[in-house]
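Each value in this text was obtained by applying a stated rule to the coordinates, not by laboratory testing. What you are looking at is a predicted structure, and each value in this text was computed from that prediction instead of being measured. Every residue, glycine among them, receives a Cβ derived from its backbone with ideal geometry; neighbour counts consider all protein chains shown.
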Amino acid sequence: MSNSKNKVNPKFIRNSIGLAFSIVVLIFISLKQSYALSHEWVGVPKSEYGEQLWDRESIARNEDGSVRVLSKFIPETKSEITEDILYTMDINCFEKSFRDVDVSIDEVNSNFNDLANWQDPKGDKLILGIIGQVCRVEN
């Protein structure tokens, strides 16, 4: 005396899990793409070393009053070793100092270090350009 109404079809379960997994993957990919495409890059004057851009969409005020922004360095000479480098930097507009809290070649592999030391730009035109532009936008 078997009751076929209480049996679960293994093929149905397998198909349901596959569909759910596919939906999760599609959502992840679309979120990643929308995040990656949501930049508004602003350039500072170029130097002999390359070009520095900062993302207007990424500006955020930190609890200590400094400003966090994503920037990108594009070297003048590119090779297999040299790639665009992404910097997440904190800027102290009052002291005209900065600290790189993350340095990477893509946005996925971030490793923030909020204990990085504050630095003087030491005349670096690219960093001074970012500090000046970001601080004007934020103030």
With the crude spin-label approximation of a point 7 Å out along Cα→Cβ, what separation in nm comes out for Glu76 versus Asn113?
2.7 nm
When Ile91, Ile74, Ile105 are arranged by how many other beta-carbons sit within 10 Å of their Cβ, fewest first, they go Ile105, Ile74, Ile91
Go through region 60-139 and name the chymotrypsin sites (Phe, Trp or Tyr not before Pro) that are in a DSSP coil and have 12 or fewer other Cβ atoms within 10 Å of their Cβ.
Phe94, Phe112, Trp118
